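Right, one structure below, let's go through it.
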Amino acid sequence: MSETNVSQSYQVNSLEEQQAAYDRWARDYESDLCAMGYRIPAMIAAVFTRFVASGTAPILDAGCGGGIQSEALAMLGYGPMTGIDLSEGMLDIARAKGIYAELHQMTLGEQLDFSDDTFAAVLSSGTITPKHAPAHSFDELIRVAMPGAPIVFSLRDDPTQEPAYPQALSRLTAAGVWRETFVTESFKGMPYGEPEISHRVHVYEVS
Ligand SMILES: C[S@@+](CC[C@H](N)C(=O)[O-])C[C@H]1O[C@@H](n2cnc3c(N)ncnc32)[C@H](O)[C@@H]1O
């Protein structure tokens, strides 16, 4: 079940293996994560209502998976949403929800197929994390975000987090391309599945 799928997604050795792992998992992913108390979507939705004005559009959901995050945001009146993900299987689940204006297969960490300054807000839940999207994924998210756009994302902060991720936040802040607006307290993203892993939700504003 789920824990096997979760651990498999952290044990891959290539993008192809990651894509295949999520393609296989796609149908059961959401029920598995909910059974483990997945709470990043609720945290990001709460942060959105405080830091992203209603009517802000379009919004990029980077690593959208099956759409659990944008589903919450759509219920709060946000949109239209564009979702991107590595896994076609996950994109199929997202497509069936009918909440995205656009869905595309794209790889975070590579150049994204969007023009500069396309999105008024960007979010990423549970995806910019080891063995998934690399730390330098933020560079492209900043490029495709409009000046002033909020970028809202979850990031692990437990002791086994790879240093490249917090270092990327500092590097981009020092470069003046964004500034930190808000960060939550540390919380367990899946308390009944990975109690040793913790996250924070961050908000940055693009310069
Ligand atoms: C833990 S799931 C999170 C999905 C969704 N945001 C959520 O909160 O449920 C991670 C997602 O990232 C996708 N993914 C992994 N590596 C990726 C990459 N380099 N680029 C784009 N998507 C990636 C996977 O296919 C999967 O859908």
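Here, each number is a calculation from the coordinates, and none is a lab measurement. Here the structure is a predicted model, which is why all the values come from computation and not from measurement. Because the Cβ atoms are built from the backbone with ideal geometry, glycine has one as well, and the counts that use them run over all protein chains shown.
Does residue 89 qualify as being in a helix (DSSP H, G or I), touching a helix residue (DSSP H, G or I) at 6+ places or on another chain (Cβ under 7 Å) and within 14 Å of the ligand (Cβ to nearest atom)? Answer is yes for this residue. Restricting attention to the range 16-30, does a residue exist that is part of a loop (DSSP other than H, G, I, E, B) and more than 10 Å from the ligand (Cβ to nearest atom)? For the range 16-30, residues part of a loop (DSSP other than H, G, I, E, B) and more than 10 Å from the ligand (Cβ to nearest atom): absent. Can you name the residue in the range 158-186 that is within 16 Å of the ligand (Cβ to nearest atom) and either part of a loop (DSSP other than H, G, I, E, B) or not aromatic (Phe, Trp, Tyr) (or both) and, of all such residues, is surrounded by the most Cβ atoms within 10 Å (Cβ to Cβ)? Taking the candidates together, the pick is 168. Only one of the listed residues (70, 54) is part of a helix (DSSP H, G or I) and among the small types (Gly, Ala, Ser). That residue is 70. Just one of the listed residues (30, 71, 16) is within 25 Å of residue 161 (Cα to Cα) and surrounded by 15 or more Cβ atoms within 10 Å (Cβ to Cβ), and it is 30. Put simply, of 138, 119 the only residue that is among the aromatic types (Phe, Trp, Tyr) and away from the ligand (no atom under 14 Å from the Cβ) is 119. Annotation note: Cβ proximity below 7 Å between a residue of the range 37-59 that is touching a residue at least 40 places away in the same chain (Cβ under 8 Å) and a residue that is assigned to a helix (DSSP H, G or I) and surrounded by 14 or more Cβ atoms within 10 Å (Cβ to Cβ) (sequence gap 6+ or interchain) occurs for 41/68; 41/69; 41/72; 44/69; 48/73.
Of everything listed in (1) surrounded by fewer than 24 Cβ atoms within 10 Å (Cβ to Cβ); (2) under 16 Å from the mean Cα position of the chain (by Cα); (3) not in a loop (DSSP other than H, G, I, E, B), the single unmet condition for residue 60 is (1).
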